[in-house]
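The values are calculated or read from the model by the stated rules, or taken from the named source; none is laboratory data. Keep in mind it's a predicted model, so treat the numbers as computed, not measured. Using ideal geometry, Cβ is built from the backbone for each residue, glycine included, and neighbour counts are taken over all protein chains shown. All accessible areas refer to the heavy atoms of the entire protein, side chains included, with ligands and DNA or RNA removed. Shrake-Rupley method; radii C 1.70, N 1.55, O 1.52, S 1.80 Å.
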Amino acid sequence: MIEQEKEKKMINDSRRGFLKSAAIGSALVVGAEMSPIAAAFADEIPKVTYTGGYKAGTAVQELELLDLVEIEQRAAKVIPKGGFGYIAGGAGDEWTLRENRAAFERKQITPRVLTGKGAVDLRAEILGISIASPIIVCPMGGQGLAHVTAEAGMAMGAAAGNTIMALSTVSTLSMEQVAAAAGGPKWFQLYLQTDDGVNRDLLRRAKAAGYKAIVLTVDSTATGNREADARNNFTFPLPFGNLVGKGSGGNIHALNASFAQKIDAKAIEFVLTESGLPVIVKGISSPDDALLAIRAGASAIQISNHGGRQLDGSPATFTVLPAVAKAVDRKVPIILDSGIRRGQDVFKALASGADIVGLGRPAYYGLALGGWKGVHSVLKFLNRELSMVMQLAGAQTVEDIKRTNLA
Ligand code: FNR
C-alpha cells in the first residue's frame, strides 16, 4: 500500500514536472497532464522470468531525450541483438520502412506567427475516450524482449501519459495481467486465428478484462520477410501470455501458421458480433479497403503498413492518407501509424486527414531504457515537440491543425 502511494506520488510529481517543462515561451500547454492520474498502478508490477540467457532492460527511470530517432541506437545497447533486430527491422529491402519517414519530409508546414494565438491545447478524443494529445500507443508484440515489466510497463507509461495503449494478441504478459497492472484506457489487438474457438475466447476475455475496443489487424495474413530475424537466427525467447496452452508455444513460425490467411468483411462482422465492442480495422492503405471496412461496421480505420514490416515496396502511410481520408469522408475517425517520430509528423498527419496518430517503436525503446517512466518520457517528449510545432504554425488546438493546409 505504501509502495502504491509512492508510485502515485511519483507519477503526479512527474506530471507537474512535465507541465513546467512543457511551457513554451510564455504559453501554457494544456493537456491531460493537468489532471490527477485517472489510473492507479497495481501494488505489484508483474515481471517476466527469462530463461536461456536472454536479458532485457530492468531500469525504471525518466529519460533525457534529444529526439525519437537517436533513441533507437540507445535502445540497441540494452536489448539483445536478436530482440533488437526483431523490433527495429522491416521487411525485405526496408524500402517502406525508410519511405515511412521520407514521405513526411516531402511536405512542409508554413509558419503562422501573427495569429495572436498563445495557449496550446493538445487534448483529443477518440471513440469516446478523452486523451492528453492525439498520440496513442500502437499494439506491439512480445514486449518482454525490451524490458522485464513488458506490457505492464507499457500500460503504466501510457496511463501516466493519459493516453490509450493497444495490447497485442502476442503480448508477453496476458491481457488480464496487463489490465490489472495499470488502469487507463486500453484496446485489445486481435490477430485472427484460424480457429474461431480461440478467436471467441480471446474476444470474450478482452471484454471481461475491460478493454474498450478491438483493433483488428488485417495486414498480416502472411508474415513479411524480415531479414534481420533470419540473419540473427531469431526465435522468440518468451511465451505469449494470451496464447499459453493454445498450441504455438513460443515458436513464432507455429504461431504465424495459426494466423488467419484470409480476412474479409465477414471477419470484421464476426469480431463485431462476438466482442460487442467497437472495432478498429488496422493495416489499411487503400481507399477501397477503408470503405469495405466501414461498410462491415468498423468504428475507426487505422492506416498502417505495420511500420514497414509487412509488404516492402508499399507506399508510406502518409502518402496514402489523403486518398483514404477522402474516401472515408469523416464517416469514422482515422488513426495513422508508421514512421511517426517527430511533432512535425503528428502535425502533418492531422493536417492531411488523420484524427489521431499511433506511436510504435519509439515507445518500445522508451520501455527498454526506462520501463514505464521511459514510455512516459517518450510520450511527454513527443507532446512537447507537437506543442512547439503548433505554436509556431499558429494552431491552438487539434481542430486548428486539421484545418491547416500544408505547403
Ligand atoms: C509491431 N506491430 C504490430 N501490430 C499489430 O497489430 N500487432 C502486433 O502484435 C504488432 N507487433 C509489432 C511488434 C514490433 C516489434 C513492431 C515494431 C511493430 C506494428 C505496430 O502496431 C505499428 O503499426 C508500427 O510499429 C508503427 O510504426 P512505427 O511507429 O514503429 O514506425
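Overview of results
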read-out	value
Qualifying positions in segment 136-188 - of a type outside the set (D, E, K, R), in a helix (DSSP H, G or I) and open to solvent by 10 Å² or more (accessible area, probe 1.4 Å)	Q177, A179, A180
Residue in segment 222-244 that is open to solvent by less than 40 Å² (accessible area, probe 1.4 Å), of a type in the set (V, I, T) and within 16 Å of the ligand (Cβ to nearest atom) present	no
Condition met for G370 (part of a helix (DSSP H, G or I) and away from the ligand (no atom under 15 Å from the Cβ))	yes
Restricting segment 92-105 to residues that are open to solvent by less than 60 Å² (accessible area, probe 1.4 Å) and assigned to a loop (DSSP other than H, G, I, E, B), the residue that is farthest from the ligand (Cβ to nearest atom)	G92
Filter result (away from the ligand (no atom under 12 Å from the Cβ) and not hydroxyl-bearing (S, T, Y)) within segment 342-359	G343, Q344, F347, K348, L350, A351, G353, A354, D355, I356
Residue among G353, G339, G313 that alone is over 16 Å from K107 (Cβ atoms) and of a type in the set (G, A, S)	G313
Options D345, D355, D337: the member that is among the acidic types (D, E), closer than 25 Å to R309 by Cα and in contact with a Phe, Trp or Tyr (Cβ under 9 Å, 6 or more places away or on another chain)	D345
Single match in L291, L255 (criterion: within 16 Å of the ligand (Cβ to nearest atom), assigned to a helix (DSSP H, G or I), surrounded by 15 or more Cβ atoms within 10 Å (Cβ to Cβ) and not aromatic (F, W, Y))	L255
Evaluation of G339 against (1) of a type outside the set (K, R); (2) more than 10 Å from the ligand (Cβ to nearest atom); (3) under 17 Å from the mean Cα position of the chain (by Cα) (one fails), failing number	(2)
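Residue-wise test of (1) within 11 Å of the ligand (Cβ to nearest atom); (2) free of Cβ contacts under 8 Å to residues at least 24 places away in the same chain; (3) in a helix (DSSP H, G or I).
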residue: I79; (1), (2), (3): yes, no, no
residue: G83; (1), (2), (3): yes, no, yes
residue: G90; (1), (2), (3): yes, no, no
residue: K107; (1), (2), (3): no, no, no
residue: T115; (1), (2), (3): no, no, no
